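Notes for the one structure printed next.
The values are calculated or read from the model by the stated rules, or taken from the named source; none is laboratory data. Source: prediction; values computed, not measured. We place every Cβ from the backbone using ideal geometry, glycine too, and count neighbours over all the protein chains shown.
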Amino acid sequence: MDKNVSISVDWVKELIQKFIAGSPLNTMGNDAGEPAWDSALVGFASGADPIWQQYKEYVGAFHWTPWEIFNQHCPGEKAVPEKLTVISWVLPQREMVRKTNRRARKYPSEEWARIRVYGEKFNVALRRHVVQSLEQAGHAAVAPMLTPNWTVVISERFSYASSWSERHAAHAAGLGTFGLSDGLITARGKAMRTGSIVAKVSIPPTPRPYADHQAYCLFYADGTCGKCIDRCPVCAITEAGHDKEKCRQHLVRSREYVKETYRFEGYGCGLCQVGVPCESGIPVKAAREALERGELPPPPPPLA
Ligand code: SF4
Ligand code: SF4
């Protein structure tokens, strides 16, 4: 083992990109053998960032801070929050996959459903790969979503919520803000999947280039758009936000459709992620241009 290798931003980005380029698990599972993903956005957040405590207060006591989940699974390491880094990535949907789902009106395209199953299998493997690679380099790490005690909790405020949210980790790591449909709008849009791990490494955090947690959504920025409301086949999105239970029930129904139509065990929807202005980029012009110029807004207020 190559112990105590110094871990840098570039080391992590290269690790992830090489896995995308070389892993046989990067597949849509179709006859053509097409890859599920072709690139990733990667961001970093400190374990001592106050945002983790804000999440806990906002979502519920069951929502882990990086320190809690790391020390549950690596008790021998005795790491303080300042010694931890959350590594988060976004896997943007490929153009071809987005295009097929744009035509969908009720249930997902075959390509989209394949990504939901096979693309996420790769995402699971990527979490394991990053953890194992860090361990081989002498740095303890854990993938919160893969721990046996990760769970979904019934929540009065949110219908249900989980003990670790990949989208919230990505938001903390500077990768995007939330939209009306609850999805995370990133520099490559909302049509994506995301993953993260917590490691005992010291990597400079990625600045959060947004003034608040909804800055990239047109509806919250200037009261326009709302296109995701029209895209949802079961009216789970309104001006009041996203009805998680309605959405979940539609996903359950999609299983039968996917099996009968595409002949594999899968599910999905994602209609609100395509055919909308935030599909593949940041639709709020001022925010997009500020990001391109590398400008940072003043620190955002706490979540309310
Ligand atoms: S479609 Fe429009 S309203 Fe919906 S999340 Fe995207 S930018 Fe916001
Ligand atoms: S909110 Fe749920 S059911 Fe509605 S379009 Fe989005 S993923 Fe589909």
Margin query: Filter the stretch 170-186 down to the residues that are within 13 Å of ligand 1 (Cβ to nearest atom) and not aliphatic (A, V, I, L, M) and list them by number.
Written below: Gly176, Thr177, Phe178, Gly179, Ser181, Asp182, Gly183, Thr186
Notebook entry, point to check: When residues of the stretch 54-74 are filtered for being surrounded by 15 or more Cβ atoms within 10 Å (Cβ to Cβ), of a type outside the set (Val, Ile, Thr) and either under 18 Å from the mean Cα position of the chain (by Cα) or not in a loop (DSSP other than H, G, I, E, B) (or both), how many remain?
Noted result: 12
Margin query: Residues that are surrounded by fewer than 19 Cβ atoms within 10 Å (Cβ to Cβ) and within 16 Å of ligand 2 (Cβ to nearest atom): does the stretch 163-178 have at least one?
Written below: no
Margin query: Can you tell me which of (1) small (Gly, Ala, Ser); (2) buried (at least 17 other Cβ atoms within 10 Å of the Cβ); (3) away from ligand 1 (no atom under 15 Å from the Cβ) is the one Ser202 doesn't meet?
Written below: (2)
Check: What number of residues within the stretch 129-157 satisfy the criterion of being charged (D, E, K, R) and surrounded by 14 or more Cβ atoms within 10 Å (Cβ to Cβ)?
Finding: 1
Margin query: Can you find, within the stretch 194-229, the residue that is nearest to Pro297 (Cα to Cα) among those that are part of a loop (DSSP other than H, G, I, E, B), away from ligand 2 (no atom under 16 Å from the Cβ) and of a type in the set (A, V, I, L, M, F, W, C)?
Written below: Ala211
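Quick grid of which residues meet (1) buried (at least 17 other Cβ atoms within 10 Å of the Cβ); (2) within 16 Å of ligand 1 (Cβ to nearest atom); (3) modelled with pLDDT of 95 or more; (4) charged (D, E, K, R):
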{"site": "Val252", "(1), (2), (3), (4)": "no, no, yes, no"}
{"site": "Arg255", "(1), (2), (3), (4)": "no, no, yes, yes"}
{"site": "Tyr262", "(1), (2), (3), (4)": "yes, no, yes, no"}
{"site": "Gly266", "(1), (2), (3), (4)": "yes, no, yes, no"}
{"site": "Cys272", "(1), (2), (3), (4)": "yes, yes, yes, no"}
{"site": "Pro277", "(1), (2), (3), (4)": "yes, yes, yes, no"}
{"site": "Pro283", "(1), (2), (3), (4)": "yes, yes, yes, no"}
{"site": "Glu292", "(1), (2), (3), (4)": "no, no, no, yes"}
Notebook entry, point to check: Inside the stretch 231-247, can you point out the residues that are at pLDDT 95 or above and in a helix (DSSP H, G or I)?
Noted result: Arg231, Lys246, Cys247
Next item on the list: Looking at (1) under 17 Å from the mean Cα position of the chain (by Cα); (2) of a type outside the set (A, V, I, L, M); (3) surrounded by fewer than 24 Cβ atoms within 10 Å (Cβ to Cβ); (4) within 16 Å of ligand 1 (Cβ to nearest atom), find the lone condition where Gly189 falls short.
Entry: (3)
Check: Out of curiosity, is Asp243 within 16 Å of ligand 2 (Cβ to nearest atom), among the acidic types (Asp, Glu) and under 20 Å from the mean Cα position of the chain (by Cα)?
Finding: yes
Check: Which ones in the stretch 8-28 are in a loop (DSSP other than H, G, I, E, B) and either in contact with a Gly (Cβ under 9 Å, 6 or more places away or on another chain) or without any contact (Cβ under 8 Å) to a residue 24 or more places away in the chain (or both)?
Finding: Pro24, Asn26, Thr27, Met28
